[in-house]
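Peer 1: The structure's right below; bear with me while I get my questions together.
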């Protein structure tokens, strides 16, 4: 039953196809190949294949001879212009993006206070020089005075010693005269005692007795005079000893004369050093006056001006920045896998997006570490879930001489360096 139904369906389909073609179905003809029987097409195909192979070879050779990266930019030194002293800004003579020459005045500070400091320092120098001259003049005076005092003290000691000897001799002579006077007085008194009974018996004249009494009295007075002379001579000995002691003390004090001279010379040297200190202070004050004029350290273009007229600035405060003209280089962050054939001095073609031009340069140097090692928080790979990441190294590329005469390049611009490694 099922077979009969299928047979009928096939017959109906065949009838339908015959009716649509209005005749019996023709057998399909085999398709002709694109290249079969067409030698020109074969030649063209061969040429295309050869061109593709040759082009691929040259592309591989070209690409293997160059290394490039788009992670590169122009760099330059940035000179921060700061004030070396504190002061009030009276004038700002430059603005952002303006070119400046080396030594050109940028900012002017009020110099009044510092000029007063110069005048005070000049007065201090004059005072110190006067003190130094006075101290220096005292050195020869002290030397002469000390030598004179030493000579005088020695002479005084000798004179006092000689005076003691003379006084001692005078005292001894006075003692001898005392003894002699006492002996004469005793003899005269004895004569009076012998003459007294004789005078009473009138065996001698009263005149002789009176003469003996007068003689005894005179000799007794001579004893007093001799004792007075001896006492005076003794006092002279004491005075001579006092003069000797005084002369010896003066001589002892003058013996420190060399030390006093040395001290005076040290004082003069100290005064001379004080002159040097005051001159240094004057020089610093003069420098401060010059520092009130802030000039450009290099020729370049001003950027980031941070100062206004009337502003009070402090020493070391940054006022503006200067980008030097011509001192540019390229920092190209190449992958570490691209540095296998990299060498210093290799030629580089640098394409700059902002100008659309290509510049010539060469590899100047390679970094000491990867860029990530200079970051604030360097990566720490000593962990259990370590994943290897290809690092980049900032390679320094410098432009050839005269490549940017118009100074169109600016730090921070994006560039595409192409390094020829073969």
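Peer 1: Can you list the residues of the range 319-349 with backbone N under 17 Å from a point 7 Å past the Cα of residue 299, pointing along Cα to Cβ?
Peer 2: It comes to 322-328, nothing else.
Peer 1: Calculate, for residue 80 and residue 390, the FRET efficiency according to 1/(1 + (r/R0)^6) with r their C-beta to C-beta distance and R0 35 Å; round to the nearest 0.05. Don't skip to the end; give the middle numbers.
Peer 2: Numbers: r = 35 Å, r/R0 = 1.01.
In this case the efficiency is close to 0.50.
Peer 1: Taking R0 as 56 Å, what FRET efficiency do you get between residue 120 and residue 325 from their Cβ-Cβ distance, rounded to the nearest 0.05?
Peer 2: 0.85
Peer 1: Under a point spin-label approximation (7 Å from Cα along Cα-to-Cβ), what is the residue 277-residue 194 distance to one decimal in nm?
Peer 2: Going by the 7 Å Cα→Cβ label model, 9.5 nm.
Peer 1: Further question on the same structure: Could you put 320, 271 in order, starting from the residue whose Cβ has the fewest other Cβ atoms within 10 Å? Provide the component values of the computation, followed by the final result.
Peer 2: Numbers: 320 23, 271 18.
Ranked by crowding around the Cβ, least crowded first: 271, 320.
Peer 1: In nm, what is the difference between 0.36 nm times the number of residues separating residue 287 and residue 315 and their Cα-Cα distance? Walk me through the numbers on the way to the answer.
Peer 2: Values: separation 28, 0.36 × 28 = 10.08 nm, distance 1.37 nm.
Between residue 287 and residue 315, full extension yields an extra 8.7 nm.
Peer 1: What is the spin-label model distance, in nm, from residue 95 to residue 210 if the labels are put 7 Å beyond Cα along the C-beta direction?
Peer 2: The answer from the label model is 14.2 nm.
Peer 1: Applying 1/(1 + (r/R0)^6) with R0 = 30 Å to the Cβ-Cβ distance of residue 346 and residue 102, what FRET efficiency is obtained, to the nearest 0.05?
Peer 2: On the way: r = 33 Å, r/R0 = 1.11.
Efficiency, rounded to the nearest 0.05: 0.35.
Peer 1: If one computes the Cα centroid of the range 265-314 and of the range 353-419, what distance in Å separates the two points?
Peer 2: Computed from Cα coordinates, the inter-centre distance equals 40 Å.
Peer 1: Would you kindly state how much longer the chain becomes between residue 265 and residue 373 on full extension, computed as 0.36 nm times their sequence separation minus their alpha carbon distance, in nm to one decimal? Before the final figure, lay out each step's value.
Peer 2: Working: separation 108, 0.36 × 108 = 38.88 nm, distance 6.27 nm.
Contour length minus the Cα-Cα distance gives 32.6 nm.
Peer 1: In nm, give the distance between the simple-model label positions of residue 66 and residue 353, each being 7 Å from the Cα along the Cα-to-Cβ direction.
Peer 2: Going by the 7 Å Cα→Cβ label model, 1.9 nm.
Peer 1: Moving on. Fewest first, what order do 267, 340 take by the number of other Cβ atoms within 10 Å?
Peer 2: Numbers: 267 18, 340 8.
Ranked by crowding around the Cβ, least crowded first: 340, 267.
Each value in this text was obtained by applying a stated rule to the coordinates, not by laboratory testing. Keep in mind it's a predicted model, so treat the numbers as computed, not measured. So basically every Cβ, Gly included, is an ideal-geometry build from the backbone, and we count neighbours across all protein chains shown.
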